[in-house]
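Note sheet for the following structure.
The values are calculated or read from the model by the stated rules, or taken from the named source; none is laboratory data. This one's a predicted model, so the numbers in the text were calculated from it and none came from an experiment. Because the Cβ atoms are built from the backbone with ideal geometry, glycine has one as well, and the counts that use them run over all protein chains shown.
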């Protein structure tokens, strides 16, 4: 039999090994926990920036562009809307901190998420999986489209385009004419048609993801109903956006201004 004097050292040695193992685990787990926490915050900020301010700005953008839809006063209304926006005090600061910085963060962190993405749609062809894939694809399309749109209409720095040297933002009195000449080029019109469609999908699906991930839509039924609602909102926005684009080529847009 073992006496008490031989058992105690063995217990101490076991406890020392156990403490050392736990300390090693803590040294490994703590940095991982910090990384997970940082990733969690960055992703939440990414989702939030897609709703506010970028989602709100998109709605304002569609509203301003829809000023061109009126079959009789559309050109004048759109020019006035552009002039009103440019008359906002400290407009450059508002655009920088309210639009450009959130947009850059959302865009570049979205690319980070996309590069980490591993498609598995063929193995798991569920609707949510396809929606996530389309969200990543539309994000890449929007990265290119928004850069083109800002450099084209906001700053007018793309050579060989009608807006070169005459950006819409700096020429509100001729804003409608500048956009109309641009959209008269078929390829530009198609680019904006694709861009509007990708934007609406990205926003509508992004709203649904926001509601689910932020714990607002809880449960299968709530998530299904909010999904239908987001689809409806997306279809309405798509119709509004395409109609506004068409209004620069045809008075009243696709609908011919029958709502006026």
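Exactly one residue out of 87, 83 is out of contact with any helix residue (DSSP H, G or I) (no Cβ under 7 Å at 6 or more places or on another chain) and closer than 30 Å to residue 257 by Cβ, and it is 87. Among the numbered conditions (1) more than 19 Å from residue 194 (Cα to Cα); (2) free of Cβ contacts under 8 Å to residues at least 12 places away in the same chain; (3) surrounded by 14 or more Cβ atoms within 10 Å (Cβ to Cβ), the only one that residue 84 does not meet is (3).
Of the residues that make up the stretch 86-106, is at least one more than 25 Å from the chain's Cα centre (by Cα), modelled with pLDDT of 95 or more and either in a helix (DSSP H, G or I) or over 25 Å from residue 173 (Cβ atoms) (or both)? No - not one qualifying residue is present in the stretch 86-106.
Would you say residue 216 is closer than 17 Å to residue 51 by Cα and either in contact (Cβ under 8 Å) with a residue 12 or more places away in the chain or in a helix (DSSP H, G or I) (or both)? The answer is no for residue 216.
Selection of the stretch 60-75 for residues being free of Cβ contacts under 8 Å to residues at least 12 places away in the same chain and either over 19 Å from residue 253 (Cα atoms) or assigned to a helix (DSSP H, G or I) (or both) yields 60, 61, 63.
Taking the stretch 111-136 as the search range and keeping residues that are in contact with a helix residue (DSSP H, G or I) (Cβ under 8 Å, 6 or more places away or on another chain) and over 18 Å from residue 197 (Cβ atoms), which one is surrounded by the fewest Cβ atoms within 10 Å (Cβ to Cβ)? Steps first, answer last, please.
Keep residues of the stretch 111-136 that are in contact with a helix residue (DSSP H, G or I) (Cβ under 8 Å, 6 or more places away or on another chain), which gives 111, 113-114, 117, 119-121, 131, 134-136.
Now drop any that are not over 18 Å from residue 197 (Cβ atoms), which leaves 111, 113-114, 117, 119-121.
Working: 111: 14, 113: 14, 114: 14, 117: 13, 119: 12, 120: 10, 121: 12.
This residue is 120.
Of the candidates 211, 225, 237, 193, the single residue that is in contact (Cβ under 8 Å) with a residue 60 or more places away in the chain, part of a helix (DSSP H, G or I) and on the phi < 0 side of the Ramachandran plot is 237.
Quick test for you: out of 247, 204, 198, pick the one residue that is surrounded by 13 or more Cβ atoms within 10 Å (Cβ to Cβ), at pLDDT 95 or above and more than 14 Å from residue 58 (Cβ to Cβ). Talk me through it step by step, then tell me what you get.
Working: 204 fails: more than 14 Å from residue 58 (Cβ to Cβ); 198 fails: more than 14 Å from residue 58 (Cβ to Cβ).
Step by step, each of 247, 204, 198 is checked, and only 247 is surrounded by 13 or more Cβ atoms within 10 Å (Cβ to Cβ), at pLDDT 95 or above and more than 14 Å from residue 58 (Cβ to Cβ).
Here is the figure for the stretch 137-184: residues that are surrounded by fewer than 17 Cβ atoms within 10 Å (Cβ to Cβ), part of a loop (DSSP other than H, G, I, E, B) and touching a residue at least 24 places away in the same chain (Cβ under 8 Å) total 1.
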